[in-house]
Amino acid sequence: MRSRSVLVVTPNGAAAVGSRSAEPPLGQARIDWSSADEQVAHALEPLFAGRGSVDVVVHDRAVRYCVVVPPKGTASLDELRAVASARMSDLYGAAGVDLELAADWRAFAPFLCCGIPRAVGRALLQAARSAGASIRSIVPLFVHVVNSEPDCRRHSGWVLVRTGGYVAAGLFDRGAIRLVRCGHVDAKRSLESWLSQLAVSSGHAVERPLVLDTVSPEKLPGDWSRLSGRYTGLTAALVSPGLA
């Protein structure tokens, strides 16, 4: 039986990674995601060939995030989706409309919602079918890290994921999401400086965050917890020249 592997989607392409996510990329392709679905799928197809069941991890720069606070009385999944869709539109305008939304849907507590362009999802599914493979999941990098780390699911404080010049940050309260912020960060700027500014603007202390930093992890403060070992292959693909 073929093992499950990982496909990493970046702003400028995609790369296949081994099943343990710690191996170097097995193949990659530069892709213009604004091209027609058929062209994108054709470029992706070799990366699915012989891969079996694939988990897709999407660079956070290609994702839109928000925290949704469901109104009192919200009950059905359709209502939650409508609230999340409206929130995305409020935050991102036209860019928030054509998104495939996914979330940890909750009617009685705030939840994290993410949106991936529908065109990207269509091309991925078409390529997988053509290659005789299947897609097990399509997940943003930040969500992948949070879901993979037991410490994140119990954490109170910030969780940061920095790949190249982009960072996604979430504030958690005993594992429950309270705030999410994303943005570009100059490679020369320390994460400590960036998070300190965010802490001031949001009114939440820095304390001891959990961090995945692909730029300069050696410069993180000593009391910050590093999340790095198991993501070698993923992060190598995410910051690969020509794909990042």
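Table for the structure above
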read-out	value
Kyte-Doolittle at least -0.5, axis length at least 15 Å by Cα - qualifying DSSP helices, the chain	37-48, 77-92, 118-130, 191-202
Local net charge near SER202, Cβ-Cβ under 12 Å (Lys/Arg +1, Asp/Glu -1)	+2
Given charges at Cβ of Lys, Arg, Asp, Glu: the chain dipole, positive-most of TYR92, THR10, ALA237	ALA237
R0 of 22 Å, Cβ-Cβ distance ARG129-ASP104: FRET efficiency to nearest 0.05	0.20
Radius, Kirkwood style, for the range 1-112 when every pair of distinct Cα atoms is counted (Å)	16.3 Å
Residue-count net charge about GLY157 - beta-carbon cut-off 15 Å; Lys, Arg +1, Asp, Glu -1	+1
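FYI, it's all coordinate maths here, none of it is from the lab. Everything quoted here is computed from the prediction, not taken from an experiment. Counting neighbours? That spans all protein chains shown, and the Cβs are built from the backbone with ideal geometry, glycine included.
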